[in-house]
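A.B. asks: The structure follows.
Rule-based calculations on the coordinates, nothing more; no lab input. Predicted, not measured: the structure shown is a model, and the values here were computed from it. Note: ideal-geometry Cβ built from the backbone for every residue, glycine included; neighbour counts use all protein chains shown.
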Amino acid sequence: MVRIRDLNWMQLETYLRKDDRIVLPVGSTEQHAYLSLETDMGQGFGRVLVVNGHGGNTEHGRDWARGRVPGSVVWHELWEGGPDEIAAAIDPHYDDASWSENFPWTRLPGVAVPEQRKPPVEWPENGTPETWREALGDGSFGGLYQRSSKDEDRLWEAAVQAIRERLEPWGE
């Protein structure tokens with residue numbers, strides 16, 4: 001068995017050549033004696049803040065959130081505002097899948113990232129999934145793969161602050 005959180009996309013692709021099945025656990029957060037509340041996931045929460053970190057989810061996610069009971073779901077785009085501005089101030093050439101998404105908890109043990117800056121991806125004129133994938137190579141759109149912990153902290157703190165600001169007007 002393999003846990004996706006322990007793999008990068010290249011490792012997952014290799015695994016999928018042997019087995020293309022996945023188990024997606026869904027349930028509710030509830031008490032299970034001395035076990036983590038994450039044992040099942042979701043116990044009577046009346047309000048949910050969804051923090052989206054992937055632009056491809058935005059349109060469908062916002063549509064989904066609008067269809068919920070009014071006031072029960074807030075959809076938050078992680079990269080809007082502060083975090084995006086901070087990342088651009090630190091490195092005007094940052095891009096998707098670069099240092100701006102590389103934090104200690106997203107790194108995989110034993111996987112070394114390149115030290116050099118990846119040039120910006122040149123998008124194919126008549127792009128197909130195959131030609132886009134070829135252009136992307138390792139999946140980074142370009143830029144440095146990792147920066148200093150000071151830069152990482154600055155970006156993370158901006159993201160957390162933006163989330164807090166979304167929660168505050170919701171009250172208690």
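A.B. asks: Within the range 81-132, which GluC sites (Glu not before Pro) sit in a loop by DSSP and count at most 10 neighbouring Cβ atoms inside 10 Å?
C.D. replies: Of the GluC sites (Glu not before Pro), the ones in loops of the range 81-132 whose Cβ has at most 10 other Cβ atoms within 10 Å are Glu115, Glu122, Glu125.
A.B. asks: Mind sorting Arg21, Arg117 by how few other Cβ atoms lie within 10 Å of their own Cβ, fewest first?
C.D. replies: The fewest-first ordering by Cβ neighbours comes to Arg21, Arg117.
A.B. asks: Test of understanding: ordering Ile163, Ile86 by Cβ neighbours within 10 Å, fewest first, what list do you get?
C.D. replies: Neighbour counts put them in this order, fewest first: Ile163, Ile86.
A.B. asks: Tell me the chymotrypsin sites (Phe, Trp or Tyr not before Pro) within the range 110-147 that lie in a loop according to DSSP and have at most 16 other beta-carbon atoms within 10 Å.
C.D. replies: In loop regions of the range 110-147 (DSSP not H, G, I, E or B), the sparsely surrounded chymotrypsin sites (Phe, Trp or Tyr not before Pro) are Phe141.
A.B. asks: Å³ per residue of the Cα convex hull, for the range 84-172?
C.D. replies: In the range 84-172, the Cα hull volume divided by residue count equals 153 Å³.
A.B. asks: Count charges around Ser72 for me, please; just the other residues with Cβ under 12 Å from its Cβ, Lys/Arg as +1, Asp/Glu as -1.
C.D. replies: With Lys, Arg at +1 and Asp, Glu at -1, the net is +3.
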